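For reference, the structure discussed in these notes is given below.
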Protein chains: 2
Amino acid sequence: MAKYAIGVDYGTESGRALLVDVKDGREVATAIFKYTNGVIDERLPVDGAPVKLEPDWALQDPEDYIRVLKRTVPAVLKQSGVDPADVIGIGIDFTACTMLPALADGRPLCTLPEFRRNPHSWVKLWKHHAAQPEADKINATAEAMGQGWLDRYGGKISSEWFFSKTLQILDEAPEIYNAADRLLEAADWVVWQMTGVETRNSCTAGYKGLWSKREGFPSDDYFAALDERLRHVVDEKMSRTITPIGAKAGELSAQAAKWMGLRPGIAVAVANVDAHVAVPAATVTGVGRMVAIMGTSTCHMVLGSEEKLVPGICGYVEDGILPGFFGFEAGQSAVGDIFAAFVENQVPPRYWSQARKEKKDIHQVLEAEAAMLKPGESGLLALDWYNGNRSVLVDVDLTGLMLGGNLLTKAPEMYRALIEATAYGTRVIMEAFESHGVAVNELVTAGGLPEKNPLLMQIYADVTGREIRIAGSKQTPALGSAMFGALVAGKKAGGYDSIVDAAKKMARLNKISYKPNKGAQKVYDQLFTEYVTLHDYFGRGANDVMKRLKAIKAEARK
Amino acid sequence: MAKYAIGVDYGTESGRALLVDVKDGREVATAIFKYTNGVIDERLPVDGAPVKLEPDWALQDPEDYIRVLKRTVPAVLKQSGVDPADVIGIGIDFTACTMLPALADGRPLCTLPEFRRNPHSWVKLWKHHAAQPEADKINATAEAMGQGWLDRYGGKISSEWFFSKTLQILDEAPEIYNAADRLLEAADWVVWQMTGVETRNSCTAGYKGLWSKREGFPSDDYFAALDERLRHVVDEKMSRTITPIGAKAGELSAQAAKWMGLRPGIAVAVANVDAHVAVPAATVTGVGRMVAIMGTSTCHMVLGSEEKLVPGICGYVEDGILPGFFGFEAGQSAVGDIFAAFVENQVPPRYWSQARKEKKDIHQVLEAEAAMLKPGESGLLALDWYNGNRSVLVDVDLTGLMLGGNLLTKAPEMYRALIEATAYGTRVIMEAFESHGVAVNELVTAGGLPEKNPLLMQIYADVTGREIRIAGSKQTPALGSAMFGALVAGKKAGGYDSIVDAAKKMARLNKISYKPNKGAQKVYDQLFTEYVTLHDYFGRGANDVMKRLKAIKAEARK
């Protein structure tokens, strides 16, 4: 009798459930629910007088997360005709750090009438960027106090992370901070609602919460140095018990089973992060193969068997991606976003007309023309910093650059130069890993971009000199979550006893593989050398013109 | 009784006649003739099998020049009703170096059946760029032989100049070189056809022909070092008698008078170059005021009372612009061309729709939006090298750069950054003059751009910190030529005895003046510092990435 697992993937705009055959990973049914309140970045969805949000805020409604369970899981069961008795496990993954304040019984503060009109009571979404002053303080204080953990994160933490957001709540809404019995990742909150068991997963704790398996959290003294009221934040509002990825969080509660139309008591996995859970779903369960989740931005993950300090990466976490490995993460802060902005702001009418006439997407039109160019033929070289640089420079104040244009330079040439620039950015990250002892022999891609863009894939192969594969699933995070559901169900119940076994059976790669072309590689080696020279000149202090222009711009806008 | 002078301006695509009241410069009538054979850059306009041209060739038909006289002068007489007896003088100006081979009787070689199908027998237009190998040889040989005249031209001469083109004829068509009794500027050839007197004007001889009043031409030994057959080129095919600007070439011949419907015997001025003749027409007859002719590219001219070596300028010529002065010339190889290329290749559909809806030119739409930005507000900085850099780097292999963009950067911001970049380029030239002893206190502009672009003018004032005026005439070269016509007619005939007197009466400035805004100036001083840092980094050898990219591009296109 076939057994099934369900993965639920919580994205920025919607949540998706995927029902998978445990035996072979076959994706039987999928359903999406678009959050009723979406990304809340203008005003709170409350009755009465409007509550407007400041710039850079981005919130979500926790009730939307429950709606996802109620809508999508029954839908996949119905679609597939699968008997709920044959569903053996469930796992979820989430954007991160997406966090909220709650009571000890799990009720989010934003659901309480007395706090509902206070924006700080709501879920702070990963892309809530209003806690930059707090991040700055966290970094400066850590540096001043010589906090060793800073090195694990490449020397700097982000405004998106857990304690930046926590400190912002304390700074701006101490009443919310005080009323919160719990501060936790939305991922862990959903698992709590599903099982009645409160867990904290090692992935978000490690990558976003400054925790490590060997050292735990930063010291109380460090937190007190940020703000005396924060001294006991971990013991008062969080937990020192962190559950490793791949562990079972608990069993599906009667109430949650009712929401979803499943049997109570089935295994529920500890929550995960969307990018990280995609790694085993992209067949990667060992060292030497980097996974790049490529969409609007790119997240790079690679497993290592040893602890290594790699300057400029986002961080590494022991057991953070797969148990038994150090999970290294790096990122490029804009990739698909760069192509989208270019198309919107710099492509003249004739290409749009052509797209209409040929009934193609504008990206297809540009790609077809760009594909006819040889490496180096455009004469252009770009720096892919249109949204700053995440790795390895960790600098949001860097900006874009396009060099080499003449009076005849056309949009497809610039489009190709931008693709190439993001490929150089990936190569810089790969070389940072390799030169610090973390091997990267092959690249496996997943996400929205790879399948749609053969030219982009070939350029990445030629620029990096690596074979590039594409994950077989179009929904790797949900598949990964289902794999963890099958894992925590265990072999006896029809699942697996190790994630490696699960990956062998349930994950696969696309048959298409992109291999480096020797001739192209030679040209791109030359161009990459030029890229690195500009990267270091503008990115490492020789000429801080980008920062000075940003400062002048900020002054002009006052 | 009113007296009149006529100026004939020979441009790239057409020739124009302007009939002017000598008393006050009033422009009474104008007429244009578009060359029948235009710019010949694909195939010769000959009967029989097609004769195709190589890339970078650009020729003209000398018969078109005579057609201009036959069509436009009768037209302005007719339009105005002026009695030909009241026309006292005529002057012409031309693009340069635009040169041709001819027989001793003045017949162009391309009019002879035996040479008509040989491209080298035709007029080589200023923008014929196929003589780069010859220019390279001329520069290398001059450097190797320590030729002092090279310093007058900022250290390097161009493929556009007289001896580059001459050497190309000798290299590729020795039979044409041998058959040519004369090699001369088209400007001088037209004056020869008008008067029967062969002259060589000091402006083209100086700026394009390596001649100087004090030293004459380079030595025969130098020419022999280029090619032994070239040893006696000056004595055999040119002339050592160079006539200063402002001198009378001769009197209108009976035949030419018949072509034009004028009286034979009226005074004809020595030919001039279009940009240079515009200087007095822009009211400038003394030191300290730079004239910038701004169109697709910009030509900067300033008078000095002393000889000064200014590195990187196009050159200086004694009596080259006005008698009694050293005429200094510099240039920017693309200005209006940059805005045109940007509009064509990088402006998305919504601005085009807006232009259609508001019945505006696309440049007006972008300018209106760009004008709402404060200096520095775009965060962008560009290098205006999309067609190389003429002054002060004299380097055709430099390319464009746009730095500081983000995911929200819009077309009007880039448009403004490009305008600003060309203004910084002008400031670099001004500072080069000033730091080498040639004063530039004020800027007078003429040409196609200034009148149409108030934003551009204000940015130039703010960036350069100079008051900026605009020449009153929209056809300054033709007015300048008419002024020289009035000068050579002389006061007795109703004209003038000095160009200063002619300028006082016949030239004027637009009433609008652009004064620097202190606040904007302060921001632009900061941005200019950043521009200069990038200018020197990419332009003076610290990072030759632009040249390397061009070499890689050339390799890719093979």
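The values are calculated or read from the model by the stated rules, or taken from the named source; none is laboratory data. Model, not experiment: these values are computed from the prediction. Using ideal geometry, Cβ is built from the backbone for each residue, glycine included, and neighbour counts are taken over all protein chains shown.
Within region B:281-305, the set of residues being more than 19 Å from B:HIS436 (Cα to Cα) and not in a strand (DSSP E or B) comprises B:ALA281, B:ALA282, B:THR283, B:VAL284, B:THR285, B:GLY295, B:THR296, B:SER297.
For region A:212-227, a tally of residues being surrounded by fewer than 18 Cβ atoms within 10 Å (Cβ to Cβ) and either under 14 Å from A:GLY148 (Cβ atoms) or of a type in the set (Lys, Arg) (or both) returns 6.
The set of residues in region A:450-468 being over 21 Å from A:VAL392 (Cβ atoms) and either modelled with pLDDT of 95 or more or not in a loop (DSSP other than H, G, I, E, B) (or both) consists of A:PRO450, A:GLU451, A:LYS452, A:PRO454, A:LEU455, A:LEU456, A:MET457, A:GLN458, A:ALA461, A:ASP462, A:GLU467.
None of A:VAL73, A:VAL68 is of a type in the set (A, V, I, L, M, F, W, C), in contact with a Gly (Cβ under 7 Å, 6 or more places away or on another chain) and either surrounded by fewer than 19 Cβ atoms within 10 Å (Cβ to Cβ) or within 30 Å of A:SER159 (Cβ to Cβ) (or both) except A:VAL68.
For region A:228-255: of the residues being of a type in the set (Lys, Arg) and assigned to a loop (DSSP other than H, G, I, E, B), which is surrounded by the most Cβ atoms within 10 Å (Cβ to Cβ)?
Pass one, region A:228-255, residues of a type in the set (Lys, Arg): A:229, A:231, A:237, A:240, A:248.
Of the ones still in play, those that are also assigned to a loop (DSSP other than H, G, I, E, B) are A:231, A:240.
Numbers: A:ARG231: 17, A:ARG240: 11.
The extreme case among them is A:ARG231.
In region B:293-305, of all residues being without any contact (Cβ under 8 Å) to a residue 40 or more places away in the chain and touching a helix residue (DSSP H, G or I) at 6+ places or on another chain (Cβ under 7 Å), the one that is surrounded by the most Cβ atoms within 10 Å (Cβ to Cβ) corresponds to B:MET301. With respect to the conditions (1) in contact with a Cys (Cβ under 7 Å, 6 or more places away or on another chain); (2) surrounded by fewer than 24 Cβ atoms within 10 Å (Cβ to Cβ); (3) closer than 30 Å to A:LEU479 by Cβ, A:PHE162 lacks only one, and its number is (2). If you go through region A:341-380 and keep only what is acidic (Asp, Glu) and either over 25 Å from B:LEU401 (Cα atoms) or at pLDDT below 95 (or both), you end up with A:GLU358, A:ASP361. Does B:ALA271 count as touching a helix residue (DSSP H, G or I) at 6+ places or on another chain (Cβ under 9 Å), buried (at least 24 other Cβ atoms within 10 Å of the Cβ) and aliphatic (A, V, I, L, M)? Criteria met by B:ALA271.
From the list A:ASP227, A:ASP171, A:ASP181, A:ASP220, which residue is touching a strand residue (DSSP E or B) at 6+ places or on another chain (Cβ under 9 Å) and acidic (Asp, Glu)? Break it down into steps so the answer makes sense when it comes.
Details: A:ASP227 fails: touching a strand residue (DSSP E or B) at 6+ places or on another chain (Cβ under 9 Å); A:ASP171 fails: touching a strand residue (DSSP E or B) at 6+ places or on another chain (Cβ under 9 Å); A:ASP220 fails: touching a strand residue (DSSP E or B) at 6+ places or on another chain (Cβ under 9 Å).
None of the other options fit; the residue is A:ASP181.
Within region A:462-498, the set of residues being of a type in the set (Gly, Ala, Ser), farther than 13 Å from A:LEU18 by Cβ and under 23 Å from the mean Cα position of the chain (by Cα) comprises A:ALA471, A:GLY472. Within region A:514-546, the set of residues being part of a loop (DSSP other than H, G, I, E, B) and under 17 Å from A:TYR424 (Cα atoms) comprises A:LYS515, A:PRO516, A:ASN517, A:ARG540.
Listed here are the residues, each with its yes/no results for (1) out of contact with any Phe, Trp or Tyr (no Cβ under 6 Å at 6 or more places or on another chain); (2) among the small types (Gly, Ala, Ser); (3) under 16 Å from B:VAL190 (Cβ atoms); (4) modelled with pLDDT of 95 or more.
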position	(1), (2), (3), (4)
B:ALA205	no, yes, yes, yes
B:ALA224	yes, yes, no, yes
B:SER253	yes, yes, yes, yes
B:ARG263	yes, no, no, yes
B:ALA267	yes, yes, yes, yes
B:ASN272	yes, no, yes, yes
B:THR285	yes, no, no, yes
B:ALA292	yes, yes, no, yes
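Within region A:428-449, the residues that satisfy the criterion of being over 17 Å from A:ALA278 (Cβ atoms), in contact with a helix residue (DSSP H, G or I) (Cβ under 8 Å, 6 or more places away or on another chain) and assigned to a helix (DSSP H, G or I) are A:VAL428, A:MET430.
Consider region B:65-75. How many of its residues are among the charged types (D, E, K, R) and out of contact with any strand residue (DSSP E or B) (no Cβ under 8 Å at 6 or more places or on another chain)? I'd like the intermediate steps shown before the answer.
Applying the first criterion (among the charged types (D, E, K, R)) to region B:65-75 yields B:67, B:70-71.
Checking the rest, the ones that are also out of contact with any strand residue (DSSP E or B) (no Cβ under 8 Å at 6 or more places or on another chain) come to B:70.
Going through region B:65-75 one residue at a time, the tally reaches 1.
Can you name the residue in region B:485-538 that is acidic (Asp, Glu) and over 30 Å from A:LYS550 (Cα atoms) and is also nearest to the other protein chains (Cβ to nearest Cβ) among such residues? That would be B:ASP501.
Report yes if some residue within region B:547-557 is more than 10 Å from every other protein chain (Cβ to nearest Cβ) and either assigned to a loop (DSSP other than H, G, I, E, B) or in contact with a Cys (Cβ under 7 Å, 6 or more places away or on another chain) (or both); otherwise report no. There is no residue in region B:547-557 that is more than 10 Å from every other protein chain (Cβ to nearest Cβ) and either assigned to a loop (DSSP other than H, G, I, E, B) or in contact with a Cys (Cβ under 7 Å, 6 or more places away or on another chain) (or both).
Which one of these is in contact (Cβ under 8 Å) with a residue 12 or more places away in the chain and in contact with a Pro (Cβ under 6 Å, 6 or more places away or on another chain): A:ALA503, A:ALA478?
Only one candidate passes the filter, namely A:ALA503.
None of B:ALA205, B:ALA179 is surrounded by 23 or more Cβ atoms within 10 Å (Cβ to Cβ) and aliphatic (A, V, I, L, M) except B:ALA205.
Sort out which residues of region B:183-216 are more than 22 Å from the chain's Cα centre (by Cα) and not small (Gly, Ala, Ser), and write them in order of number. Spell out the reasoning first.
Here is the first cut: in region B:183-216, the ones more than 22 Å from the chain's Cα centre (by Cα) are B:193-198, B:214-216.
Once the filter is applied, which keeps residues that are more than 22 Å from the chain's Cα centre (by Cα) and not small (Gly, Ala, Ser), region B:183-216 yields B:GLN193, B:MET194, B:THR195, B:VAL197, B:GLU198, B:ARG214, B:GLU215.
Quickly run through region B:256-270 and pick out the residues that are assigned to a loop (DSSP other than H, G, I, E, B) and either of a type in the set (Val, Ile, Thr) or touching a Lys or Arg at 6+ places or on another chain (Cβ under 9 Å) (or both). Of everything in region B:256-270, those that are assigned to a loop (DSSP other than H, G, I, E, B) and either of a type in the set (Val, Ile, Thr) or touching a Lys or Arg at 6+ places or on another chain (Cβ under 9 Å) (or both) turn out to be B:GLY261, B:PRO264, B:ILE266, B:VAL270.
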